[in-house]
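The values are calculated or read from the model by the stated rules, or taken from the named source; none is laboratory data. Values in this document were obtained by computation on a predicted structure and should not be read as measured data. All Cβ positions, even for glycine, are placed from backbone atoms using ideal geometry, and neighbour counts span all protein chains on display.
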Amino acid sequence: MSNPKPVSDRNVPAMIVLGIIVSLFGLLVVPIVAVGGQVAAWAVVGGPPLDFDAPHNGQVVAHIDVLGRYPPDIAGIRISEAKTHTVVWDVKPVTGKTECWNRCWNLTLKAGENPASFLAGHQQFRSRGPSSQAFSLAPGVQYLFEVWDSRGRVERQLFTL
């Protein structure tokens, strides 16, 4: 049977470094779990929360409000063709105040015509392009969906209908 090493023989500097690493990890993970995951992760690393359903029957749903009770801070949304970078749709809020939460940020995009302007709760979004009342998406074309917040942070998602 071997005798355990006395405390004085252990690698104390390595134990201090390990303690610091564990503490830093705790500072990053605990707020994410405590605040609700997406909110803290969004505040630390990226733009507005964004998730897409898998395309189904020629349509896809973009979930921007994946936080539930916290309204997203949306300053703009753009869809462009991924291959040509041609802007298909670009909207900005009429007012800066976010008034939407609890699933009013689920945008359904479908093959064919889609409304160019929309309401998210009480907040109006108006199209800067196209100038018509609708924009069109084609099946089989890959698009880039981008959403910005008022701080200029952006999230992107590719999708094909």
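Values computed for the structure shown
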| quantity | calculated |
| --- | --- |
| Hits in the stretch 108-125 - residues which are among the polar types (S, T, N, Q), modelled with pLDDT under 90 and out of contact with any Cys (no Cβ under 8 Å at 6 or more places or on another chain) | Thr108, Ser117, Gln124 |
| Which listed residue, of Trp101, Trp89, Trp42, Trp105, is closer than 20 Å to Arg156 by Cα and at pLDDT below 65 | Trp42 |
| Residue in the stretch 127-136 that is of a type outside the set (Lys, Arg), assigned to a strand (DSSP E or B) and within 20 Å of the chain's Cα centre (by Cα) present | no |
